[in-house]
Structure formats: structure tokens, C-alpha cells
Amino acid sequence: MKSALLIGSALLVSALPSAASAEPVLLISIDGLQPADLLKSEERGIQVPNLKRFITNGTYAERVKGVLPTVTYPSHATLLTGVGPAKHGIVGNNSFDPMQINQNGWYWYATDLKVPTLWDAAAKAGLSSANVHWPISVQAKNVTWNIPQIWRTGHKDDAKLLKALATPDLIESLETDLGSYAPGIDESIEADETRGRFASALISREKPYFTTVYLTALDHEQHEKGPDTAAAYNVLARIDKVVGQIVAAQMASHPDSVIAVVSDHGFSKVDTEINLYRAFIDAGLIVLDSNGKINSWEASPWNSGGSSAIVLARPADAALKTRVAHLLAGLQKDPKNCITEIAERPEIARLGGNPEASFYISFSPNAYAGGFKGPSAPLVSRSTSKGMHGYFPHSPLMLSSFMMMGKDIANGRNLGEIDMRAIAPTLAKAMGITLPDAEMVAVR
């Protein structure tokens, strides 16, 4: 595996323009885009002509090995930094909330990133940048024109919050011609189409040197209806049109551009939800008050869909660790609980996962960890979601996508398998900038 990744990285370097011919870069993320949905699009009956251009007219990876956990925010942080979650600090979608008081808060804030991003490197080089809806972009101070991703309740006041956090007057000025911008909580294809129009207009008007755009509807549809379904394929076909519009705006503004399309993870069909809170409550590791709310905790799950970090209130307490290890081992023995792997700190560190976790659980491909649902929720139940991700990155179902085309990019080149951490330094190379903290070998 390691040799395959190194070969892929070497091919990636050879596919790039030289530093002397550095070019503007557009980075588009399609959340949940599985490699096969593009590489086998004809077989699956998916109409994606704009994305297929990247295969025939550009360089692509058949497989991208992701990070732990294989969920949106840690992956998008890696795509911007070239390092894993243990180093960049975004170790899940949601911040740790064992008392359940943060109202499902996410890692929205760029201030949580512990290493420089491509946005930062571009600014350091005196290059302008723009962003539409990329995760972890609130307070990204080095983005010249920023429409960050954030939501709270879906109330109309969310629009006021977003405008307060975006570059002053940016959304308002674009809305003059385009109508209302999409709410952050809206993950529908219609919302992606709106964001695509805003991204295209922003690129045409400001001509940023580096632009990031995030599209979320495919992920949403696969959670709701399942991966490898007609509903998901239909959404992807509409996203393809959005990509075509954004690419056209980019090429009109910068004919010499390098354009990359990425995804953050794959997908698995699911039918079972595991409520680890039930087990931890029954074991006395989580204590509820008389109203069924969490009153105190000694150990708590930190869930990421198909995997769960287990955090101890006192990590150095050997007796507590033994108690939790015994609980987890007992859960794993029962096949109904769908636990396939339990990693401890050395293996978590090797995988680049959450350094706060004393244990890390991965579930079988049909199951995932659900959130806290009160004092009476059962340990195992039928899932409401039809698709999930978040499993350990060595699962073949979690492989994600990478492709790029543009000036001096080799046509039809297949990189095989690459490491997700190689993507950010690759794009830095294309722009003629560097990411000194990147964990993959720097592009030469």
C-alpha cells in the first residue's frame, strides 16, 4: 500500500506544471463523490460530461485514501493543509460536547486549524482568494472574498449570521443580481445550484487567483436515499452542470487555470444504528439527571458516523481505562453491536486520528454510531439513514476522488491510488506557493 501511494505521489508531481509556470487554481469539492460514480459513469447510467472531461483532458486518481475519521470536516481540513487530523486539529465534524450543551455545534471556525492552509499560503505570496461554502471557513482571515459555511437552526436569522461573518457586503452585492443566497443548513441540490451561481459570479467579477467551492447535495442524497441509487445519480448529474458553469466562469477569467475536483470520502449502505450512550450509561460511565440529561461523565463517545472516538475524562487513570476497555471488548463480542475494530492510542496515532481519544471504534459497513437520544433509547436500532461514512480510512468503501485539468496538466493520466494529504501540496505547486507543514513529500 505504501509503495502504491509513493508511486501515485511521484506521478502526481510529474503531472504538474513547473513552478516557473505557476497558474491560478480553482478547487471544487463534491461531498461524497465516489470514484466509481465517475470512472464507471456510463455503466451506471450517470450523465456527467463536465466531470468526464477531467478524465480525458486531465490527470486523475482511481482512489484517494482518506483520513481518520472519513467525514467532511477533517477531510476538508486535510485537503487545504496537506496534514492529517492529529496535526491540523479538526478531528471530527462536531466539536467535543460530552454534556450535550453545544446544540450540535460543528468545527465551523478556521481559528481551530493548527497549521497554515492554502488560503494562508496564497495570501503570504500576495495572491487573492475566494471561497464559497467550504467547511472550516468562518474567520478565515486570509480569504479575500469569503462566503463561509455556517448554520444554526434554519431560522431566517441564520442569513443575518452568515452575512455578518462573510466579507462585508459580499453576499448582499451578489444578491442584487442573483437573488437570495442559500441558507447554510440547506443541503439540497437547489441550494448547490444557487451556490454555483454565486461562485460563478464571484469568479467573473473578482477574478481571484485561488478559489474554493464546496457542493454538498450528493452527500445529503446518499445519506437520505443511499449510495448507488437512482436518486443519488440524478443529483450528481445536476451537480455536473453546476461544475460546468463554475469551470466556464474560471476559464473565462483565467484561461491558464489549473482546476481540481475532489471529494472527501466514499459511502456505505447502512441499516443499523448503534447507541453507544446506552452502553456507557448502563456501565455508569455517563450519569443522567432526573430530567434525562447528562449530569456527569467519565468516558464518552465522540461519534463520526461509521466510527467513534472514546474520550476519557481522566486519560491517565489506568483503572478507568481498564474499565472502558472491558466494556468495549464486551460490546465487540456481540455481533449485533457491529463493532469490527477497536484501536488504542498507538494505532490511533499511526492513523493520524484524534489525539484526545483513548480508544477508537470502527463499525461494520452496515452500521454507524448515533447521537445521544435520551435515557430510554436502545443500544441497537434500525437506522433512519440509508448511507453513511466515517469508517476507518483503510475501508475500500471510503475511498474518495481527485482529478485536475488545465494548463500543462497531462491528459488521460491515471495516478492509481494517492494519499489525500498529497492534494494540498499538489495544488500549492500549481500556484507556485509552498505548504511547509505538509506531511507528504513536497512537490519538486
Quiz prompt | Between segment 93-144 and segment 26-86, the Cα center-to-center distance that results, in Å | solution = 20
Practice problem: With springs connecting C-alpha atoms under 10 Å apart, model the chain as a Gaussian network and identify which of 369, 140, 283 has the largest mean-square fluctuation. | Solution: 283
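Classify segment 271-384: rounded, prolate or oblate, from the alpha-carbon gyration tensor (a ≥ b ≥ c, eigenvalue square roots; a/c under 1.5 rounded; otherwise prolate if a/b is larger than b/c)?
Numbers: a/c = 1.70, a/b = 1.07, b/c = 1.58.
In terms of gyration-tensor shape, oblate.
How do 359, 210 line up, fewest other C-beta atoms within 10 Å first?
Numbers: 359 22, 210 26.
Going from sparsest to densest Cβ surroundings: 359, 210.
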Practice problem: Provide Rg and Dmax in Å for segment 376-444, with only Cα atoms included in the calculation. | Solution: 18.4, 60
Quiz prompt | At least 24 Å along the helix axis (C-alpha) and Kyte average at least -1.0, DSSP helices within the chain | solution = 189-206, 230-253
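If we count other beta carbons within 10 Å of each Cβ, what is the order of 408, 169, fewest first? Write down the numbers at each step before the final one.
Details: 408 13, 169 9.
Least crowded to most crowded, the residues run 169, 408.
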Quiz item: How much net charge surrounds residue 238 when only other residues with a Cβ under 12 Å from its Cβ are counted (Lys, Arg +1; Asp, Glu -1)?
Solution: -4
Self-check item: Structure-derived Cα extents along the principal axes in Å - corresponding label in (1) 62, 51, 44; (2) 64, 51, 39; (3) 85, 45, 40
Solution: (1)
Exercise. Hey, for a label at residue 114 modelled as a point 7 Å past Cα toward Cβ, could you say which residues of segment 410-444 have their backbone N under 15 Å away?
Key: 437-439
Exercise. Can you tell me the FRET efficiency between residue 125 and residue 47 if r is taken as the Cβ-Cβ distance and R0 is 35 Å, rounded to the nearest 0.05?
Key: 0.35
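Return the calculated 222 nm mean residue ellipticity for the chain, to the nearest 500 deg cm²/dmol, obtained by summing -39500 (n - 2.57) across DSSP H runs with n ≥ 4 and dividing by the residue count.
So the helix-based figure for the chain works out to -10500 deg cm²/dmol.
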Quiz item: Could you give the semi-axes, largest first, of the ellipsoid that matches segment 244-286, computed as the square roots of 5 times the alpha carbon gyration tensor eigenvalues and rounded to whole Å?
Solution: 49, 13, 8
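Which of 326, 389 comes first, and how do the rest follow, when ranked by fewest Cβ neighbours within 10 Å?
Numbers: 326 11, 389 32.
Going from least to most buried by this count: 326, 389.
Any read-out appearing in this document is the output of simple, stated calculations on the displayed coordinates, not a laboratory observation. These numbers come from a predicted model, not from an experiment. Neighbour counts are summed over all protein chains in view; Cβ atoms, including those assigned to glycine, are modelled from backbone coordinates with ideal geometry.
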